[in-house]
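The values are calculated or read from the model by the stated rules, or taken from the named source; none is laboratory data. This structure is a prediction, so every number in the text was calculated from the model and none was measured. Counting neighbours? That spans all protein chains shown, and the Cβs are built from the backbone with ideal geometry, glycine included. Heavy atoms of the whole protein, side chains included, go into the accessibility calculation; ligands, DNA and RNA do not. Shrake-Rupley method; radii C 1.70, N 1.55, O 1.52, S 1.80 Å.
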Amino acid sequence: GAGDAEIIVRDPLVTTLSMPRFLATGDRAELTLSLDPLDVPDGDYRVALDATGPVEITDAVRQITLTRGTIDTLAYQANATGVGTANLRLTISGPDGYTLARAFKLGTHHDSQHSHGCSPRFRPAVRS
C-alpha cells in the first residue's frame, strides 16, 4: 500500500544565536540569543551560555519566563581574551524536564593594531 501524510519537522524551542564571525584579542561584542517557544510548556527556563577557550561570557546564566507565541531576546557580552577558537555551549532547561543543548564556535585572532612585533605592512598608522 501507499499513503500520504503531512509531516511537520521543527524544534519545539527555536534558538538563534547572532554573533560576529570572529573577534580580535581585546574585543568586546554583544551576542544576541533569540528564543521562539513554539511547542514547549509556558514557564520559567534557565538559559546558560558558557565559553571555553579564549572568550569569556559576562552574566552567562539567566532565568527567563517563556510563553508560546512570544519571541524573547537575551544579550550576552563576549570578551576575547586570547587567540584561538572558543567553544560556546548553550544549555536551556525548563518545565516538565525540557532540556536543549547547542554548540557553537567563535574564532579569535591577534590584534595587529596593538602589536609591537608585527611585520611593517601590518603596523598601525602613526599620526602626529
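Among the residues of the stretch 17-35, what is the count of those that are closer than 14 Å to R102 by Cβ and buried (at least 16 other Cβ atoms within 10 Å of the Cβ)?
5
Give me the strands (runs of 3 or more DSSP E) completely within the stretch 5-105, filtered to those with at least 1 residues that are of a type in the set (S, T, N, Q), ordered by residue number.
13-18, 28-37, 43-52, 55-58, 61-66, 72-80, 84-93
Return yes or no: is S128 modelled with pLDDT under 75, open to solvent by less than 40 Å² (accessible area, probe 1.4 Å) and of a type in the set (G, A, S)?
Judged against the criteria, S128 is not a match.
Starting from the stretch 26-51, take each residue that is closer than 23 Å to Q77 by Cβ and list its partners that are charged (D, E, K, R) and not in a strand (DSSP E or B), counting only C-beta distances under 8 angstrom and pairs at least six apart or across chains.
If the second residue must be charged (D, E, K, R) and not in a strand (DSSP E or B), the pairs left are G26/D111; D27/D111.
Return the pairs, sorted by first residue and then second, in which the second residue is open to solvent by 70 Å² or more (accessible area, probe 1.4 Å), the first residue lies in the stretch 57-78 and is acidic (D, E), the beta carbons are less than 8 Å apart, and the residues are 6+ apart or on different chains.
Listed pairs, sorted by first residue: D59/Q77.
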